[in-house]
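The values are calculated or read from the model by the stated rules, or taken from the named source; none is laboratory data. On a predicted model such as this, the values are computed, not experimentally measured, just so you know. Here Cβ is always computed from backbone atoms with ideal geometry, including for glycine, and neighbour counts include all displayed protein chains. Note: accessible area is taken over every heavy atom of the protein model, side chains too, but ligands, DNA and RNA are not part of it. Shrake-Rupley method; radii C 1.70, N 1.55, O 1.52, S 1.80 Å.
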Amino acid sequence: MPERRVFILVIDAWGVGALPDAPDYGDSLSANTMGSIDAAVPGLNLPTLQRLGLGNLLPLTQIPPEKIPLASTGKMAEQSKGKDTTTGHWEMAGITLTTPFPTYPDGFPDDVITAFKAATGVKGVLGNCPASGTEIIQRLGEEHLKTGHPIVYTSADSVFQIAAHVGPESQIDLGTLYHWCETARNLLTDQHEVSRVIARPFEGQNAETFTRISKSRRDYAVLPPEKTALNRIEEAGGIVVSVGKIEDIFCFSGITHSSHTGSNADGIVVMNQLASKTLPLDSISLSKKPLDAFPLSDKQLIFVNLVETDSHYGHRRDAEGYARALEAIDAGLAELLTYLTADDLLMISADHGCDPTAPGSDHTREYVPILMYNNQLPGSDLGIRASFADIGKTTLDWLNLDDEGQSGISMLTGQKQIAPVK
């Protein structure tokens, strides 16, 4: 049997236009992450995404449509309630959330903070407010160094974030920070079950030099409430490889192999090593089992998240930085395409938007792109898909695995789908 592989590449926070219900989430109907970058950053150069058909799925001034795009193109509407990382990725894998995760625009209530202090033994916390991660360590980092009190903060997303200095000058080490996060994760249940608890380590000598340590970030999500496409592949005996923070988003559920990369550059390298088969899968097996221990090792999903478009540029409202990150991804994609065979399927998408020209620092409720590529399939118009779940359904279809009970519609059927207007 020939090896069949699916590559899902999530360019985090890469929206392509506001969903009709965007105002319900506090967002303007003019929100458009990709469109805003195209308008704001002269000289944007994305030749690979252009050839794949990015300019065919939304009007852009610097990226014209292709007469014959390499990929099938469209956009997807989110059915779940929310606009965060976990919600978006889970829907791709087949889970639609009807109740949004809780958010805390005024910080966490006293009972949550009191329980956290009691469980961890810390004498106090700093912050407890919505904030930008870079701003809050500049504002409170020096006090944290003096007191050892963790910096607790949130955002417009459903997150409980803990920042701590883990450099040589600190009272805290990385293990302690992770323990605090694990403790918070266990405490935050029922009405306070946030989407993610995030460890945000940083280093530096003072407010002017504090920087976050991306490679040591950890996300503690909640376990998916039902089986996903990842579980179906794993249970069939196939391979599911996580690159980046995918393992954290799914709490390792359905993941057989993992590379927890610390940057976009690292993620692109690993993605291309996997595509070219220069990174042995045995070296990143979570179970330490060799490849021949998996009955269907010839059926593989490589699930990649590149987070810096969101964390470094979208939230910081840096359109120029976002554009440069897209250009680096584009260069990585050019290499990736040279490795893909007739038995490989590539789907490029996003989990939500984060328009760098929108006010505030929040995600934006947007359609996300879908670029689906195989070197033997002609490009086509995929329409407006009704759900992100079409990605999971298409994955199982390509791998010839049972998709009974899996939500979504396969994009390999040639069926052009139009999402209902909400």
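Listing for the model above:
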item	result
Top-ranked residue in the stretch 1-34 [being touching a residue at least 24 places away in the same chain (Cβ under 8 Å) and assigned to a helix (DSSP H, G or I); ranked as farthest from S276 (Cα to Cα)]	D24
Residue check, G35 buried (at least 23 other Cβ atoms within 10 Å of the Cβ) and either at pLDDT 95 or above or within 17 Å of N374 (Cα to Cα) (or both)	no
Selected residue [open to solvent by less than 10 Å² (accessible area, probe 1.4 Å) and more than 25 Å from S276 (Cβ to Cβ)] from D344, D355, D381, D403	D355
Breaking point among (1) out of contact with any Cys (no Cβ under 7 Å at 6 or more places or on another chain); (2) open to solvent by less than 20 Å² (accessible area, probe 1.4 Å); (3) hydrophobic (A, V, I, L, M, F, W, C), for A13	(1)
Condition broken by Y339, with the remaining ones in (1) crowded, with 18+ Cβ neighbours inside 10 Å; (2) over 16 Å from G53 (Cβ atoms); (3) touching a Ser or Thr at 6+ places or on another chain (Cβ under 9 Å) satisfied	(1)
Selection within the stretch 148-175 - open to solvent by 30 Å² or more (accessible area, probe 1.4 Å), touching a helix residue (DSSP H, G or I) at 6+ places or on another chain (Cβ under 9 Å) and farther than 22 Å from D106 by Cβ	V166, E169, Q171, L174
Among the residues listed as Q138, Q191, the single one being closer than 20 Å to S216 by Cα and in contact (Cβ under 8 Å) with a residue 40 or more places away in the chain	Q138
Hits in the stretch 38-68 - residues which are surrounded by fewer than 22 Cβ atoms within 10 Å (Cβ to Cβ) and on the phi > 0 side of the Ramachandran plot	G43
The stretch 164-204: number of residues that are closer than 26 Å to D266 by Cβ and outside any helix (DSSP H, G or I)	18
Selection from the stretch 298-328 of residues that are open to solvent by 30 Å² or more (accessible area, probe 1.4 Å), not in a helix (DSSP H, G or I) and not β-branched (V, I, T)	D298, H315, R316, R317, D318
Residue among D298, D355, D292 that is under 20 Å from Q62 (Cα atoms) and either modelled with pLDDT under 95 or among the acidic types (D, E) (or both)	D355
Any hit, the stretch 119-128, residues being within 27 Å of the chain's Cα centre (by Cα) and at pLDDT 95 or above	yes
Hey, A342 out of contact with any helix residue (DSSP H, G or I) (no Cβ under 6 Å at 6 or more places or on another chain), under 30 Å from G82 (Cα atoms) and of a type in the set (G, A, S) or not	no
A350 vs. criteria more than 18 Å from the chain's Cα centre (by Cα) and closer than 29 Å to L58 by Cα	no
Qualifying residues in the stretch 205-230 (those that are out of contact with any Pro (no Cβ under 8 Å at 6 or more places or on another chain) and part of a helix (DSSP H, G or I)) - the one surrounded by the fewest Cβ atoms within 10 Å (Cβ to Cβ)	K215
Residue within the stretch 139-147 that is under 23 Å from the mean Cα position of the chain (by Cα), open to solvent by 40 Å² or more (accessible area, probe 1.4 Å) and among the acidic types (D, E) present	no
